[in-house]
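A short write-up of the structure that comes next.
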Amino acid sequence: MPTIHLIHGFIGFGKTTIAKRLEKELPAIRYTHDELMIQTYGRNPEDFSQERFDIIDKIIKEKTIEEIKNGNNVILDYGFWEKETRKKYYNWAKKITPNVLFHAVQCDLLLAKKRVLERTKNHIEEFYIDEEIFNDRLKRFEPMTKEEGFPVVFYKTDHT
């Protein structure tokens, strides 16, 4: 039975690095919301409305359902910042397959900010995220805890 892997963590924590590794190891089909948003709307996060997010989300959900039906593992490299969002996606995924697993990526916030600012400066194909945007988005981030009760594997990515 295929599994849906939900990648949790904040900007710069190393979520996509973990997701890409899992993509090869499992193997799995990886969907990264950010990549589809950039391909469709460009790299400036200020251009992303909830409506645009929802369009991309719908596409990814449809593709996920199709891949699971075809027997493929799927990785959703979303971040799942808020507890309620994690609960919502976990319950949605459980309707598709009984095998759902979170991968919670943890990292020192100062290191994550440094990574993000360097990435913004050196990789024009990535989201444009400056310190103000990083700090603003951080207000929405709720780190996952074991008490949430999800099946979860924790990762520490505090190395550079």
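Taken together, the values in this text are just the output of simple stated rules run on the coordinates, not laboratory data. Please read all numbers here as calculations on a predicted model, not as lab measurements. Counting neighbours? That spans all protein chains shown, and the Cβs are built from the backbone with ideal geometry, glycine included.
Annotations
- Selected residue (only one of Tyr78, Tyr128 is of a type in the set (Ser, Thr, Tyr) and closer than 26 Å to Ala28 by Cα): Tyr78
- Residue within the stretch 117-126 that is out of contact with any strand residue (DSSP E or B) (no Cβ under 8 Å at 6 or more places or on another chain), in contact (Cβ under 8 Å) with a residue 60 or more places away in the chain and surrounded by 12 or more Cβ atoms within 10 Å (Cβ to Cβ) present: yes
- Filtered by the rule that a residue be surrounded by fewer than 23 Cβ atoms within 10 Å (Cβ to Cβ) and under 22 Å from Ile65 (Cα atoms), the stretch 7-17 gives a lone residue, Thr16.
- Residue match in the stretch 35-42 (condition: surrounded by 15 or more Cβ atoms within 10 Å (Cβ to Cβ), over 15 Å from the mean Cα position of the chain (by Cα) and aromatic (Phe, Trp, Tyr)): yes
- Near pairs, Cβ below 7 angstrom, 6+ apart or cross-chain, from the stretch 13-29 (in contact (Cβ under 8 Å) with a residue 40 or more places away in the chain) to any residue that is acidic (Asp, Glu) and outside any helix (DSSP H, G or I): Lys15/Asp77; Thr16/Asp77; Ala19/Asp77
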